[in-house]
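The values are calculated or read from the model by the stated rules, or taken from the named source; none is laboratory data. These numbers come from a predicted model, not from an experiment. Cβ coordinates were reconstructed from backbone atoms using ideal geometry, including for glycine residues, and neighbour counts include every protein chain displayed. Note: accessible area is taken over every heavy atom of the protein model, side chains too, but ligands, DNA and RNA are not part of it. Shrake-Rupley method; radii C 1.70, N 1.55, O 1.52, S 1.80 Å.
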Amino acid sequence: MSIIQNLVVASKFRRKGIADALVERVVKLAEKRGAKEIHVSTSMRNKKAITLYRKHGFTKLHAFLEKSPV
């Protein structure tokens, strides 16, 4: 299993295909290393990230719930 977490492109470099290239590279590397799954972590409110990952074939959405200590 491979995990993509905290993939961020600086604002001045956005809209240049960098995120696409990074996701493609991670997917190829994961496949080369024999990963059977690739998981992505992003906020459900981050519609741009969700669109990016869906564009690259990511389809399942799962809720990850978190609670801060009181």
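For region 18-70, the solvent-accessible area with a 1.4 angstrom probe is 92 square angstrom per residue. Each Lys and Arg Cβ is given +1 and each Asp and Glu Cβ -1; about its Cα centre, region 19-70 then shows a dipole of about 80 debye. Of the solvent-accessible surface of the chain, computed with a 1.4 Å probe and all protein chains present, 54% belongs to carbon and sulfur.
For Val70 and Arg25, calculate 0.36 nm times their separation in residues minus their Cα-Cα distance, and state this gained length in nm to one decimal.
Working: separation 45, 0.36 × 45 = 16.20 nm, distance 4.02 nm.
Taking 0.36 nm per residue and subtracting the Cα distance, the gain is 12.2 nm.
Considering only Ile50, Ala63, Leu29, the residue lying farthest towards the positive end of the dipole of the chain is Ile50, judged by Cα position with unit charges set on Cβ.
Taking a temperature of 20 °C and a viscosity of 1.002 mPa s, what whole-number D in µm²/s does Stokes-Einstein yield for the chain with Rh from Kirkwood over alpha carbon pairs? Numbers along the way, then the final one.
Working: Rh = 13.4 Å.
It diffuses with D of about 160 µm²/s by this estimate.
Report the Cα centroid-to-centroid distance between region 1-39 and region 52-66 in angstrom, as an integer. After rounding, the separation between the Cα centres reads 13 Å. For Lys32, the aspartates and glutamates whose Cα falls under 19 Å of its own Cα, not counting residues fewer than eight places away in the same chain, are Asp20, Glu24.
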